[in-house]
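The values are calculated or read from the model by the stated rules, or taken from the named source; none is laboratory data. The structure presented is a predicted model; accordingly, all values stated were derived computationally and were not measured. Cβ placement follows ideal geometry from the backbone for every residue including glycine, while neighbour counts extend to all protein chains displayed.
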Amino acid sequence: MKIKTKDKLITDKNEAKSFLERYGLYAEFWSPEVSDPNISDPLVKYANQIQRLKKRFNYASADVCSMNSNTKNMDKMLDAFVKEHHHTDDEVRFTVDGEGMFGVNPITDPPFEVYVETGDLLLVPANTRHWFELTDKKNICCIRVFKDKPKWEAVYEMPEKLIQS
Ligand SMILES: [Fe+2]
């Protein structure tokens, strides 16, 4: 995980975690706890960590989502992510493979970029303005964790309460 702000680049994971916490975001760094090389299902490979996260934040379900050059309608899907938006639920993403960039607009400070790669868990809380882009590698596989059943609904309009006068 790396964070690019207006005037600095944070490459230290602990520093990145503390920086995110200032804005209400949360990060963890996972390595598989299941070492059987025959297990490829990310939900099994990271079962322990998912279970702990669900317990801690009261999440109910998890699934796996991949985007790469073989994904049909990838550009269309990305179009929906690159515009600044928020959700009424937390957006929780663990990067199993590949990489991506979450842009965050904390409103009170200039926007910053969070680059995620294999092993990075990022929790973007409900109502946090953000967007998502793939890197030049155009490849990501992540575990998504949800409060309820899997759903993805973006609110593009800035809520009145967040607009600064
Ligand atoms: Fe989102």
Practice task
Answer yes or no as to whether residue 120 is modelled with pLDDT of 95 or more, of a type in the set (D, E, K, R) and more than 15 Å from the ligand (Cβ to nearest atom).
Solution key: yes
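When you look at residue 114, is it within 15 Å of the ligand (Cβ to nearest atom), free of Cβ contacts under 8 Å to residues at least 60 places away in the same chain and touching a strand residue (DSSP E or B) at 6+ places or on another chain (Cβ under 9 Å), yes or no?
On the way: within 15 Å of the ligand (Cβ to nearest atom): yes; free of Cβ contacts under 8 Å to residues at least 60 places away in the same chain: no; touching a strand residue (DSSP E or B) at 6+ places or on another chain (Cβ under 9 Å): yes.
The answer is no for residue 114.
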Fill in the blank from the handout: Subset of region 80-100, residues within 16 Å of the ligand (Cβ to nearest atom), farther than 19 Å from residue 113 by Cβ and of a type in the set (D, E, K, R), comes to 89, 90
Practice task
With the checklist (1) over 14 Å from residue 145 (Cα atoms); (2) basic (Lys, Arg); (3) loosely packed, with under 15 Cβ neighbours inside 10 Å in hand, flag the one item residue 52 doesn't pass.
Solution key: (1)
Practice task
Consider residue 104 carefully, then state whether it is in contact with a strand residue (DSSP E or B) (Cβ under 8 Å, 6 or more places away or on another chain), of a type in the set (A, V, I, L, M) and within 11 Å of the ligand (Cβ to nearest atom).
Solution key: yes
Exercise for the section: Counting only residues that are closer than 21 Å to residue 126 by Cβ, give me the helices (runs of 4 or more DSSP H) lying completely in region 1-60 with at least 2 of them. Expected result: 13-22, 47-57
